[in-house]
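The values are calculated or read from the model by the stated rules, or taken from the named source; none is laboratory data. Everything numeric here is computed off the predicted structure, so don't read it as measured data. A quick note on method: Cβ atoms are made from the backbone with ideal geometry, for glycine too, and the neighbour counts reach across all protein chains shown.
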Amino acid sequence: MNNKQFTRRVGVVLVVLALLLTFLCSNLYTIQYTNGQNYAEQSVAKVAETETVAASRGGLFDRNGKVLVSNKISYQVTLDYTLMGKEEERCATILSLINTAREQNVAWSDTLTITTQPPFEYTTDDPFYTVSTNEEGETVYNMTSLGKLAVKMKWIKDPAEVEKEENTQPEVKEPGLWDKIKSFFGMGGEEEVQTPEAPYRLPTAEELLGKMCKSFGIYGQGKVDEDAAEESGETVPTLNIGDMDPVDARAVAGVLYELYYRSKVSDWPAYTFAKDVDIDFITRVKELSLPGVEIETTSVRQYNTEYAAHLLGTVGPIYAEEWSTYKEKGGYTMNDTVGKSGAESAFESYLKGTSGKRAIERNENGKIISSQWLTDSETGESLAPQPGQNVFLTIDIDLQQQVEDILANGVANLQSKETKGAACVVLDVNSGEVLASASYPTYSLATYSQDYTELAADTEMTPLLNRALQGLYPPGSTFKMITAIAGLETGTVEPDTKIDDKGVYTYYSSPQPKCWYYRQYGRKHGLQNVTDAIMNSCNYYFYEVGRLVGIDKLDEYAAMFGLGQKTGIELTESAGVVASPEFTESLGGTWYEGNVLSVAIGQESTQVTPIQLANYIATLVNGGTRYSTHLLKSVKSNDFSQVTYTYEPKVVSEIDIQDENLEAVKLGMLKLTTEGSVSSAFQDCPVQVGAKTGSAQVSAQTNSNAVFVCFAPYDDPQIAVSIAVEHGGSGSELGKIAAQIVSAYFSVQDTQGDLIPENTLVP
């Protein structure tokens, strides 16, 4: 090849190279400048997804518009298992988050039933399962959350499989011909000794923690190679985590336990590491930029009162076993917060609101880089969350506060020191509205979550029990007005009919009960009409009237007044029972004619709730109209712009009571507070009050339950009050408590002039 040809070829190569370089530069320019922003966004964006956003709950207000429960903005830290990288990265991320929480004194969620400090032990006697027997006599293993995951991860054997293995006997084979020949000539040699397998043993807490650390990849430097150790005969540590601090290992294991359980066993909501944390902690977590760790803004309940805990109730997450129910209702996601008790549960449909939907975009680290609310494909309306409605209750929070305080102080000052609990209900006699309802002892809604374990474990005082609606007590002598009305309305006695108290009632050969006055003082009341008998609580009078009326009529009138029946209130309540031959026989007992005497004075097997007693008195003093009791007054939109629901009083039944009969009974109740045993307690009361005491023996070893009912004002009844104190002794001792509550009601009424009128908008 000559020089000319060489030069030509070099020129061609250079031209080709120049063209390639020009093409490359053009493409680089297009990528870097023309479409640079687009490509940059594509390089960052990882995934677009749709997210459901829960709506904030509506508020709870008292009848006068005072805020009882509202919402506040709260931050919470959640973990996404899928974005946390490989085992080593994941454990480092979690430990970093835990250390930050420790520095900021933030508590995190950890339900792993192993102590957080060595020596590691289980925090429950049955960490994996409990054993029971079903109706067929079969053994049933009730697995705990830890037990379910432990079986899934093969940390323990399924107890049902262990049972099968233990019950299966090894098959014994018959020796074959050759075995027999060898045995005959002594050629069998020594038989191999079969060592029986040791019974299966569940791991100790430390052993289980070691298994968890191995499965989760939790370890530091210097971790023992288990395979090499087994080959060389070396002992592998139970907690094989190298130089990692055991406390740290346990903490990381607790978090991973929560994540693994949700991903492999249950459809529980996503794991929330910490709730309601302060901005300082949030700022620190954001600075760390930990993968899979997300900060969420949420709405949580804020309690504006320390009172009415049993009425207002609690909220909480939807548990796995509840999900099917809420799923059927529609409008719920597994991450929603729902009402669990009280008004929060009863009025869930008003309070819940409507969840929203938004589209979010994440970068390669899982961080949200953009979001926007979706729109309805048909209407074009935004799918932003719609807050719940505001619920107005019938209670007056000022009265509620005073009733709770008066009840607690009054119980503490009773002569009886055996009291275990008490309740009080104040009803509007003309509507069935619950103006106040107190259960003692009570608890704080603000710290309910932290206190729950202790509250639930208190089986003696049972503070979580709403005694006003669920406590069952014999009415004692407060039942006597029913016996009186039954006698008067059937014509068995007239208002002026007098019965001579002879001390001992001897109509039956047995029983022959004594009037309390004769039993305690050896004295008799003498001739008593219905008014005097109520004032003096003369048992003898009511023995006679009850016998003459008969058990069927007593039960009929008790039912008319709502005893032994639910009152209709929206919260959970007990029905109770009124003594009858049928009830006694249903328990396998024998009914005797003389049992009617006990029924006539509120004893025998009669058990009623305090709210039933209040409703019975309200029905009596309003002339016989029994209303359904209720806690809901009205519902307003979230912005208070409209009233969406107003409760209308519901009449359950009407009792025909002649005026003269009613006045005779009411007068007896009035005379109790003006001339009788509780007159001193009511002497400073701002209005006239009608009342009745009651005591019911629980056992020979304890004080009687004390019961008290009253109404006020006497001339124009507005309220009915019932009080029950477990082992409170004499019902007359409750007179002071009742007088203070009546006074509190009328003092509260005097201050209502400045309150916002009903059905007006409130902020």
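Laid out as a table, the results:
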read-out	value
Leading residue by the ranking (surrounded by the most Cβ atoms within 10 Å (Cβ to Cβ)) among those in the range 615-657 that are of a type in the set (Phe, Trp, Tyr) and not in a loop (DSSP other than H, G, I, E, B)	Tyr616
Residue that is nearest to Phe746 (Cα to Cα) [pool: residues in the range 372-396 that are outside any loop (DSSP other than H, G, I, E, B) and of a type outside the set (Ser, Thr, Tyr)]	Leu393
Answer residue from the range 96-111, given it is at pLDDT 95 or above and closer than 15 Å to Ala253 by Cα and is farthest from the chain's Cα centre (by Cα) among those	Ser96
Pairs where the first residue, in the range 474-497, is within 17 Å of Leu620 (Cα to Cα) and touching a residue at least 12 places away in the same chain (Cβ under 8 Å) and the second is in a loop (DSSP other than H, G, I, E, B) and of a type in the set (Phe, Trp, Tyr), C-beta under 7 Å, 6+ apart	Ile482/Phe561
Among the residues listed as Gly526, Gly522, Gly568, the single one being on the phi > 0 side of the Ramachandran plot, surrounded by fewer than 18 Cβ atoms within 10 Å (Cβ to Cβ) and in contact with a His (Cβ under 8 Å, 6 or more places away or on another chain)	Gly568
Given (1) closer than 23 Å to Asn64 by Cβ; (2) at pLDDT 95 or above, index of the condition Gly753 fails	(2)
All strands (runs of 3 or more DSSP E) inside the range 314-364 with 1 or more residues being within 16 Å of the chain's Cα centre (by Cα) and surrounded by fewer than 17 Cβ atoms within 10 Å (Cβ to Cβ)	315-317
Boolean, Arg519 is over 28 Å from Leu734 (Cα atoms), outside any loop (DSSP other than H, G, I, E, B), basic (Lys, Arg) and under 49 Å from the mean Cα position of the chain (by Cα)	no
Odd one out for Ser537 among (1) closer than 16 Å to Tyr592 by Cα; (2) surrounded by 22 or more Cβ atoms within 10 Å (Cβ to Cβ)	(1)
Answer from Gly602, Gly588 - the residue that is under 17 Å from Val707 (Cα atoms) and assigned by TED's automatic domain parsing to the domain that holds Leu548	Gly602
Selected residue (criterion: nearest to Trp323 (Cα to Cα)) from residues of the range 244-296 that are among the small types (Gly, Ala, Ser) and either surrounded by fewer than 16 Cβ atoms within 10 Å (Cβ to Cβ) or under 28 Å from the mean Cα position of the chain (by Cα) (or both)	Ser266
Residue within the range 437-446 that is of a type in the set (A, V, I, L, M, F, W, C), assigned by TED's automatic domain parsing to the domain that holds Glu648, touching a Ser or Thr at 6+ places or on another chain (Cβ under 9 Å) and at pLDDT 95 or above present	yes
Failed criterion for Gly217 (all others in (1) at pLDDT below 95; (2) crowded, with 17+ Cβ neighbours inside 10 Å hold)	(2)
Among the candidates Leu399, Leu445, residue that is in contact (Cβ under 8 Å) with a residue 40 or more places away in the chain, of a type outside the set (S, T, N, Q) and not in a helix (DSSP H, G or I)	Leu445
Sole residue being of a type in the set (Asp, Glu) and within 30 Å of Asp398 (Cα to Cα), chosen from Glu321, Glu348	Glu348
Pairs where the first residue, in the range 244-259, is in contact (Cβ under 8 Å) with a residue 24 or more places away in the chain and aliphatic (A, V, I, L, M) and the second is assigned to a helix (DSSP H, G or I) and surrounded by fewer than 23 Cβ atoms within 10 Å (Cβ to Cβ), C-beta under 6 Å, 6+ apart	Ala251/Ile98; Val252/Leu95; Leu256/Phe216; Leu259/Tyr81
Top-ranked residue in the range 407-442 [being of a type in the set (A, V, I, L, M, F, W, C) and outside any strand (DSSP E or B); ranked as farthest from Glu733 (Cα to Cα)]	Val429
Leading residue by the ranking (surrounded by the fewest Cβ atoms within 10 Å (Cβ to Cβ)) among those in the range 81-99 that are under 19 Å from Glu287 (Cα atoms) and among the charged types (D, E, K, R)	Glu89
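Residue-wise test of (1) within 16 Å of Thr693 (Cβ to Cβ); (2) of a type outside the set (S, T, N, Q).
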site	(1), (2)
Lys524	no, yes
Gln528	no, no
Cys538	yes, yes
Met560	no, yes
